[in-house]
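The values are calculated or read from the model by the stated rules, or taken from the named source; none is laboratory data. Since we're looking at a predicted model, the values are computed, not measured. Cβ sites come from the backbone with ideal geometry, for glycine too, and all protein chains shown count toward neighbours.
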Amino acid sequence: MIPYGRQDITQADIDAVVEVLKSDFLTQGPKVPLFERTVATKVGARHALAVNSATSALHIACKALGLGPGDWLWTTPVTFVASANCGLYCGARVDFVDIDERTYNISPKALEKKLIAAEREGKLPKVLVAVHLCGQSCDMEAIQALAQRFGFRIIEDASHAIGGKYKGQYIGSGRYSDITVFSFHPVKIITTAEGGMALTNDDYLAEKMNLYRSHGITRDPSLMTHDADGPWYYQQLELGFNYRMTELQAALGISQMGRLDDFVARRHQLARRYDDALRDLPVVTPWQHPDSYSALHLYVIRLQLDRIGKSHREVFESLRNQGIGVNLHYIPVHTQPYYQRMGFKPGDYPEAERYYAEAISLPIYPAMTEEQQNQVIAALARTIQE
Ligand SMILES: *Cc1c(COP(=O)(O)O)cnc(C)c1O
């Protein structure tokens with residue numbers, strides 16, 4: 001089976017991890033801060049906090065922004081459930097904004113309309129999670145303008161998007177948001193096995209997230225309520241969690257960061273080959289906004305079902321039967337049973353649901369060969385033309 005995504009691990013990556021295993025620190029050593037500096041410097045952010053997953057990063061980001069009971073978090077329905085669940089972890093309520101028909105990202109027009117209505121009802125969101133689907137940035141300029149007008153905070157869920165750019169700047173620079181989150185799950189752009197990171201230019205938010213990722217505990221005398229009792233002393237200031245990243249993971253991350261730009265460039269090569277090869281098939285290939293240099297975590301096509309003699313599911317199953325590990329990103333979150341129990345129902349976000357009825361993620365990852373890609377293209381052509 002050709003997977004839809006997979007990690008790229010070199011001997012140098014392996015050596016980096018083994019070196020840590022032989023060292024004094026498996027956790028809370030020098031590699032995590034070095035990984036944080038490496039990523040922060042690369043994307044142009046002031047602070048970076050490494051954690052054990054992007055899900056944890058989203059949680060501490062929401063906590064740092066003060067999200068709690070009585071508050072609303074808004075996000076897109078076309079995302080992984082974690083982008084919404086982080087609001088529920090904080091006791092806040094979650095709502096969704098429909099997607100743009102071309103980028104599949106949250107629609108600034110739909111967002112503005114919903115904000116105007118929410119303002120009338122006194123139900124404005126405290127936090128918006130803007131998800132850069134497939135690695136393509138949201139329209140951050142428009143979203144930031146709305147945030148200033150309506151007074152909400154922005155978390156960029158850039159789990160797909162490390163190495164991508166928006167208006168010439170690396171995603172994560174924080175120019176248009178309060179906090180940006182990356183994921184290092186093996187299918188994503190770079191990996192630490194499990195892992196994530198929260199980046200910000202705000203000293204206060206960085207300090208809060210630093211507390212929340214490690215039990216709410218500090219050893220920094222300047223943060224304590226009184227002088228230390230002695231050299232052993234620490235204080236718990238918040239109810240935090242153990243979301244720390246290990247040294248093994250950070251060493252792998254540092255080693256992977258050296259190939260970040262190459263990974264994204266290779267994804268672009270593969271995407272261009274798909275664009276060319278699929279041009280005459282009844283599918284819609286990914287549209288790229290001119291402001292965006294996507295990290296291309298995913299290559300999503302949409303089937304033009306009125307021109308294909310098979311259903312969406314039949315095409316999907318036929319590809320899987322031919323050894324092509326296609327996938328579907330994502331089942332709209334509001335249609336999940338857990339969310340339907342809160343009152344959401346199919347039909348609530350028509351653009352997201354139209355997307356779900358047609359979308360298929362084709363395999364794309366840096367180590368994919370052209371032969372493998374040709375196999376995918378041939379299988380797809382066979383399936384939808386026969
Ligand atoms: C993968 C992903 C996450 C969660 O990442 P983990 O590191 O697995 O916790 C969150 N949001 C989006 C959009 C993702 O793709």
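Do the conditions hold for VAL333, that is, is it under 26 Å from the mean Cα position of the chain (by Cα), within 18 Å of THR79 (Cα to Cα) and either modelled with pLDDT of 95 or more or among the β-branched types (Val, Ile, Thr) (or both)? Break it down stepwise before answering.
On the way: under 26 Å from the mean Cα position of the chain (by Cα): yes; within 18 Å of THR79 (Cα to Cα): yes; either modelled with pLDDT of 95 or more or among the β-branched types (Val, Ile, Thr) (or both): yes.
When the stated conditions are applied, VAL333 passes them.
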Q) Counting only residues that are buried (at least 24 other Cβ atoms within 10 Å of the Cβ) and either among the basic types (Lys, Arg) or under 17 Å from LYS208 (Cα atoms) (or both), how many does region 66-77 have? A) 1
Q) Would region 91-98 turn up any residue that is in contact with an Asp or Glu (Cβ under 6 Å, 6 or more places away or on another chain), under 24 Å from MET209 (Cα atoms) and within 15 Å of the ligand (Cβ to nearest atom)? A) no
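Hey, among the residues in region 283-333 that are within 15 Å of the ligand (Cβ to nearest atom) and either part of a helix (DSSP H, G or I) or of a type in the set (S, T, N, Q) (or both), which one's surrounded by the fewest Cβ atoms within 10 Å (Cβ to Cβ)? Step through it out loud before you land on a result.
Here is the first cut: in region 283-333, the ones within 15 Å of the ligand (Cβ to nearest atom) are 294-300, 327-333.
When the remaining residues are screened for being either part of a helix (DSSP H, G or I) or of a type in the set (S, T, N, Q) (or both), the result is 294, 327, 333.
Working: SER294: 28, ASN327: 18, VAL333: 24.
Filtering region 283-333 for residues that are within 15 Å of the ligand (Cβ to nearest atom) and either part of a helix (DSSP H, G or I) or of a type in the set (S, T, N, Q) (or both), the one surrounded by the fewest Cβ atoms within 10 Å (Cβ to Cβ) comes out as ASN327.
Residues that are outside the structural domain of ALA357 (by TED's automatic domain parsing) and touching a residue at least 12 places away in the same chain (Cβ under 8 Å): does region 273-281 have at least one?
No - not one qualifying residue is present in region 273-281.
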Q. Can we say ILE155 is in contact (Cβ under 8 Å) with a residue 12 or more places away in the chain, in a loop (DSSP other than H, G, I, E, B), within 30 Å of MET257 (Cα to Cα) and among the β-branched types (Val, Ile, Thr)?
A. no
(Q) Restricting to region 136-173, and then to whatever is under 17 Å from LYS42 (Cα atoms) and in contact with a Leu (Cβ under 6 Å, 6 or more places away or on another chain), can you tell me which residue is surrounded by the fewest Cβ atoms within 10 Å (Cβ to Cβ)? (A) GLY163
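Tally time: how many residues in region 1-44 are within 30 Å of GLY323 (Cα to Cα) and among the charged types (D, E, K, R)?
3
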Q: Just need a number here: residues in region 10-39 that are in a helix (DSSP H, G or I), under 25 Å from LEU199 (Cβ atoms) and polar (S, T, N, Q).
A: 1
Q. In region 313-345, what count of residues is obtained for those that are among the small types (Gly, Ala, Ser) and out of contact with any helix residue (DSSP H, G or I) (no Cβ under 8 Å at 6 or more places or on another chain)?
A. 2
Q | Residue list for region 200-229, filter: free of Cβ contacts under 8 Å to residues at least 40 places away in the same chain and either assigned to a loop (DSSP other than H, G, I, E, B) or outside the structural domain of LYS63 (by TED's automatic domain parsing) (or both) | A | HIS215, GLY216, ARG219, ASP220, MET224, THR225, HIS226, ASP227, ALA228, ASP229
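Criterion first (within 16 Å of the ligand (Cβ to nearest atom) and either farther than 30 Å from LYS165 by Cβ or touching a residue at least 40 places away in the same chain (Cβ under 8 Å) (or both)) does LEU237 satisfy it?
Numbers: within 16 Å of the ligand (Cβ to nearest atom): no; either farther than 30 Å from LYS165 by Cβ or touching a residue at least 40 places away in the same chain (Cβ under 8 Å) (or both): yes.
So LEU237 does not fit the description; no.
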Q) For ALA145, all conditions in the list (1) assigned to a helix (DSSP H, G or I); (2) of a type in the set (Gly, Ala, Ser); (3) within 16 Å of the ligand (Cβ to nearest atom) hold save one; what is the number of the exception? A) (3)
Q) Just wondering, is there one or more residues in region 186-199 that are more than 11 Å from the ligand (Cβ to nearest atom), within 19 Å of ARG153 (Cα to Cα) and surrounded by fewer than 20 Cβ atoms within 10 Å (Cβ to Cβ)? A) no
Q: May I ask you to list the residues in region 57-85 that are within 15 Å of the chain's Cα centre (by Cα) and over 21 Å from LEU237 (Cβ atoms)?
A: LEU58, THR75, THR76, PRO77, VAL78, THR79, PHE80, VAL81, ALA82, SER83, ALA84, ASN85
Q) Can you name every residue in region 40-56 that is part of a loop (DSSP other than H, G, I, E, B) and either within 12 Å of the ligand (Cβ to nearest atom) or under 14 Å from ASN210 (Cβ atoms) (or both)? A) ARG46, ASN52, SER53
Q. In this structure, is PHE96 aromatic (Phe, Trp, Tyr) and over 16 Å from the mean Cα position of the chain (by Cα)?
A. yes
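Step by step: first the residues of region 76-126, then only those that are of a type in the set (Lys, Arg) and part of a loop (DSSP other than H, G, I, E, B), then the one that is farthest from HIS329 (Cα to Cα). Which residue is that? If you could, list the steps in order and put the result at the bottom.
So in region 76-126, the residues of a type in the set (Lys, Arg) come out as 93, 102, 109, 113-114, 120, 123, 126.
Now drop any that are not part of a loop (DSSP other than H, G, I, E, B), which leaves 102, 123, 126.
On the way: ARG102: 15, LYS123: 29, LYS126: 27 Å.
So the residue we want is LYS123.
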